[in-house]
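First up is the structure itself, then whatever we jot down about it.
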Amino acid sequence: MTATPITTRPAPRPLTKAAGARPAPLSSVPLPVSLVVLGALLVVVILAASAIGSVTFSLGDSWQIVQAHIFGGEVNPAHDQIIWEFRIPRVLLAALAGAGLAVTGVVLQALVNNPLADPFILGVSAGGSVGAVTVMALGAGALGGLGVSGAAFLGATLAVGLVFLLGQQGGKLNPVRLVLAGVVVSYVFTSVTNFMQLQTEPNNMRAIMFWLLGSVSGAHWEQLHIAGVVVIASTLLLTLYGRQLNALVTGDESATALGVDVKRLRLILIVLSSLVAGVLIAVAGGIGFVGLMVPHLVRLTFGVDHRKVLPLAALVGAIYLVIVDLLSRTVDPPNELPLNILTALFGAPFFIWLMRRDRSLAHS
Amino acid sequence: MKLQVNQVSVSLGGKQILHDVDLDVAPGEFVGLIGPNGSGKSTLLRTIYRSVRPAAGTVHLGEQDVWGMSARTAARHTAAVLQNCPTPPGLTVREVAELGRTPHHGMFDRNGHTDREIVDAALARTGMADHADRIYGSLSGGERQRVLLARALAQEPKLLVLDEPTNHLDIRARFELLELVHTVGVTTLAVLHDLDLAARSCDRLVVLDGGRVVAVGPVLEALSPAVLSEVFGVTAATERHDDGIVRVTYGARPLARAS
């Protein structure tokens, strides 16, 4: 052959430069380190929130009482009553609600592939409200003696069941249909709630408003046992699905090619997250914003890998709601504010700051 | 590993998409699957990576029936690089490649030392090792496809299935990607849209039209002027040039017939 043989291979093209987009600020921190730091912070925040109130104790005092209940020991009965009987249950409920809502928020956002999804996107909140408001407006006899919590859980279950039936197509859950069904069912249930609110006596209105806006002020130990077991177990279970959620957000086909049974995964995740959201609605009312915002906050700070986002969202959500609850009872003593008034006011500015500094959003 | 598709038929929504399709890929071979839009190419791939169950027929990988395995076992044998794979732009390159380890772990396992080595090797083979910590969303189209290929390699597949991997890539990135797949050396079945690219890079071609296999064989046989005219509707010739490369040359008036 006369053609000049090519003796050197052309150098491969240089890779494009990292144009502005950079990993989230704390994405390179190893997960165990962030877990330990946030875990320690949660303990401190819980102790502080138990110590602060109309009567304020030192951190050492509240630690001593907790220690005495766990390991045995002498306590001052008056202090014990305030801290152990009143404050600790509500602080723990706030932590549980924060963790549960943040994790179900992460799961549902991934599941329906929508950044606006929150734990209540499938009608849990609207359904729970109908149940609770029925009992509050018409009295305990209205639903065969069910209390507010029981009625709320019943309503939430009903709503999710309905959304579930409407959201499937040929035996497959379709994310878009699921979201639309959730919106429609929520509207219907909300109009029932609104109608009942208008019909009820004015002095019931305040209690109903307060419930709808979420609060952990009614927390007591007995109720905490059931809610605690359900929320902790489901939340822990959900945090194990990080790898599969990572696969799921790359699309159904791609997840299938990675060996994920997409149909089954959707079902398990919906049942678990609805259970958590339903129980939390029942014991703490409709606490909003946490389940929507904390997932984004964690992603913007630690990166979008669900293996990290799930456990970190649980801790951040817990810390966040304990602080919000502390504010709700200390900004205007002796009055208490519902949580929803503060969740957004307190969190939105920080969220806006994070959103603006994150350039990777420009590439999505 | 040898892939054997035997008399596969698929119906979706009451419409028959594939009719008794036979296809096989020998170990180490690079087979191209071509055909006009809507001829059933992607659906055929879906029966192979276990997304659409055939109404009739079998898919065998080695001696095993793909549809007799669990989804996870199948994904340890077959990896796919698909079109429209909405990878979250915030994931780092390494995290995307780590997705490939999904079928190798149960719920309680965490990635270990071996996984890290496999992912490192996959990134190195695709030339993305120096960019492991970059954000996926900041990469060019060609780089993204290389990362998705790294993800597939991290699955340690015996069979690689590619659905139009060169779509939307510029010309140099297309050649780079196909050369990369060749050097990887895994048994490959690839849907390719660009006939010239298919002709020069595949060992054999399978031509699909209306859900049926209409031609199969070495490039020059499968891509005959008759097939080009009847299936693709263009006047063109395929010939092996002096440098050993098969090229497709389109006619002066390439529209084969007024339709």
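The numbers here are math on the coordinates, done by the rules we state, and not lab data. Nothing here was measured: the structure is a model prediction, and the numbers come from that model. As a convention, Cβ positions derive from the backbone with ideal geometry for all residues, glycine included, and neighbour counts pool all protein chains shown.
Numerical summary
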| quantity | calculated |
| --- | --- |
| Inter-label distance for A:V229 and B:H241, nm, one decimal - labels placed 7 Å from Cα along Cα-to-Cβ | 7.5 |
| Most fluctuating residue given options B:S51, B:S70, B:S201, as computed from a GNM of chain B linking Cα atoms under 10 Å | B:S70 |
| Virtual spin-label span in nm between A:L138 and A:N335, 7 Å along Cα→Cβ | 3.2 |
| Rel. contact order, % - alpha carbon contacts under 8 angstrom, at least six apart, chain A | 28 |
| Cα-Cα P(r), the protein assembly as shown, percent of pairs per 10 Å interval | 3, 14, 21, 21, 16, 11, 7, 4, 2, 0, 0 |
| 17 Å Cα-Cα reach of B:K2 towards aspartates and glutamates, excluding residues that sit fewer than 8 places from it in its own chain | B:D22, B:D24, B:E29, B:E63, B:D65, B:E156, B:D203 |
| Along chain A, longest interval not containing exposed trypsin sites (Lys or Arg not before Pro), exposed being DSSP loop plus at most 16 other Cβ atoms within 10 Å | A:18-358 |
| Kirkwood-type radius of the range B:3-255, with distances r between different C-alpha atoms, in Å | 19.0 |
| Percent RCO, i.e. relative contact order, over the range B:3-255, from Cα pairs under 8 Å lying at least 6 residues apart | 24 |
| Estimated 222 nm signal from helices in the protein assembly as shown, with DSSP H stretches of n ≥ 4 weighted -39500 (n - 2.57), rounded to 500 | -16500 deg cm²/dmol |
| Most fluctuating residue given options A:P32, A:P338, A:P115, as computed from a GNM of chain A linking Cα atoms under 10 Å | A:P32 |
| Cut-off 13 Å between beta-carbons: net charge of the residues surrounding B:H77, Lys and Arg +1, Asp and Glu -1 | +2 |
| Among the listed pairs A:K263/B:K158; A:K172/B:K15; A:K172/B:K158, those beyond 21 Å (Cα-Cα) | A:K263/B:K158; A:K172/B:K158 |
| Alpha-carbon centroid distance for the pair the range A:47-78 / the range B:119-186, whole angstrom | 58 |
| Listed residues A:A255, A:A78, A:A313, most fluctuating in chain A (Gaussian network, C-alpha, under 10 Å) | A:A78 |
| Whole-angstrom Cα spans of the range A:61-164 along principal axes, big to small | 52, 40, 18 |
| C-alpha long axis of helix B:141-154 to longest principal axis of chain B, angle in ° | 70 |
| Diffusion coefficient, µm² s⁻¹, Stokes-Einstein with Kirkwood Rh over alpha-carbon pairs of the range A:115-248 at 25 °C and 0.890 mPa s | 149 |
| Spin-label pair A:I268/A:V33, simplified geometry with 7 Å Cα→Cβ offset, distance in nm | 3.2 |
| Sequence-distant residues sharing a close amide H with B:G35 (under 5 Å, placed H) | B:L208 |
